[in-house]
Structure formats: structure tokens, C-alpha cells
Amino acid sequence: LNLTKAAVAIQEGSYESARKQLRTALPAVSNNDLEYRYRFIMAQLSQEMDAYRKAIKTYNEVLSKRTRYELAFHSKINKAACYKERADEAPRKIDKVQADLRQMLKDDKNVDYKSRIYFELAQLARETGDTERFLSYLSEALKAQQASPEQKATAYRALAHYHYNQDHYPKAKAYYDSTFQFISEDADNYLALKRKKDVLDELIEQKQTIRLQDSLQQMAQMPKQALKKQ
């Protein structure tokens, strides 16, 4: 009954209620795999509510058990994302999480997840102000052989946002163009990104027109002899 109530609460977006129902259900769960899965969902719900400290604690509960490798992997990745949100509160933890993620890159079991790991490393580097590593990790995320279209779209979008915020509009446009080679039309932020890309496309076109007009006017004012040399 508690699990059913939790499922309904998740569908309704009542994440705190769902988390409490799952917590109540845990003592009656005799299957270890299911218990770890429910704890993982509880951590995800806390993360969704921006309760990062609580999410980290619950992810650690999953990691303290002999759980399935895939569940442990995603717990580590999600925990890294939580620490990214708390970078100003837990700088030492950030260093530890970065070291753990780099160690995960060396494990052959994670070959299919390298793009995701590099992306999380990039986010942590950004939060700590390490722009060089932020850009480098995103580049590695895109190079990863097993990178899915969704992962590539996410990495390209991060690069586009970065260059847009730095007023590097031509580079931002190029990365937005790459994003739309991979992003699904079903993505939650598809329409917002499309509007931003369209505005940027128009801005770049206007700038190119202005530069062309400036060049033509300069040429029109040049002496004929100097113009011939050009």
C-alpha cells in the first residue's frame, strides 16, 4: 500500500509525500535489490526537491550496501551532481568526488558511461571556477565512443551556454547548431533552446550584414590607387 501511494504521489509531483511513503515501506521489503532500488528513488526525490544534503546521505546508504553495479554507479554520479550544487558549502568534498570520478574513468566496467562521467567532471570544474578543465572535460565527453545522442546534445548545449554567456556569439551559434543535430524534439527544454538559437542566428546574421556594410563603405572612401592594391 505504501509503495502504491508513493507511485501515485510521484505521478502527482508530490515528491516529499512519495519519499515518506517509501521510507515507511522499507521495513517490510525483504528483497535486498528492491530495498536498494527504493532507497535510490528516495535519493532521487530528495535531489529533485533540491534537498541535496538529504539526497547525498541516501545515496551513501545505497553505496554502503552490496548493491548492483549499475545502481552503485548512478548513485556515485548523482551524488557528484548534488555536491556540484553545494560547491560553496563543501569544497573539500568536491575534491574527493572529482578524484572518485577520475578513478571511475579507469575502470573498464564504465566504458559505456565515460561521456556521463566527463560531463559531471565538467560541471564540478565549472562550479570551482576551473574554466580550462570545464571546457576540456566537455570535449572529452563528446569524444567518448559510447556517447549517446542525448549525452552529446547535453555537452554541446553546455558549451553553447558557456560561449553565449561570454558573448562569444559565433562560437555559441556553432555549438547550438551542433546541439540540434542530436537533441530530441521531445526534450523538455527543446522549444526554449530553439527560440534562443533562432534569436542568436538572427543576431549573427545582422552582425555579418553590418560588417559587410562597414567594409563596403570603407572601400568606397579609399583612393582608387589604394583600392587597386587591396
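Do the conditions hold for residue 154, that is, is it within 16 Å of the chain's Cα centre (by Cα) and surrounded by fewer than 20 Cβ atoms within 10 Å (Cβ to Cβ)?
No, not satisfied.
Checking the structure you have, find out if any residue of the range 37-56 is over 17 Å from residue 21 (Cβ atoms), aliphatic (A, V, I, L, M) and surrounded by fewer than 20 Cβ atoms within 10 Å (Cβ to Cβ).
No, the range 37-56 has no match at all.
For residues that are among the polar types (S, T, N, Q) and within 15 Å of residue 159 (Cα to Cα), scanning just the range 110-137, find the one that is nearest to the chain's Cα centre (by Cα).
Top of the filtered list is 123.
Taking the criterion of being under 21 Å from residue 118 (Cα atoms), surrounded by fewer than 22 Cβ atoms within 10 Å (Cβ to Cβ) and at pLDDT 90 or above, would at least one residue in the range 81-91 satisfy it?
So far as the range 81-91 goes, no, none of its residues is under 21 Å from residue 118 (Cα atoms), surrounded by fewer than 22 Cβ atoms within 10 Å (Cβ to Cβ) and at pLDDT 90 or above.
The values are calculated or read from the model by the stated rules, or taken from the named source; none is laboratory data. It should be emphasised that the depicted structure is a prediction, and the values quoted were computed from it without experimental measurement. Virtual Cβ from ideal backbone geometry, glycine too; neighbours counted across all protein chains shown.
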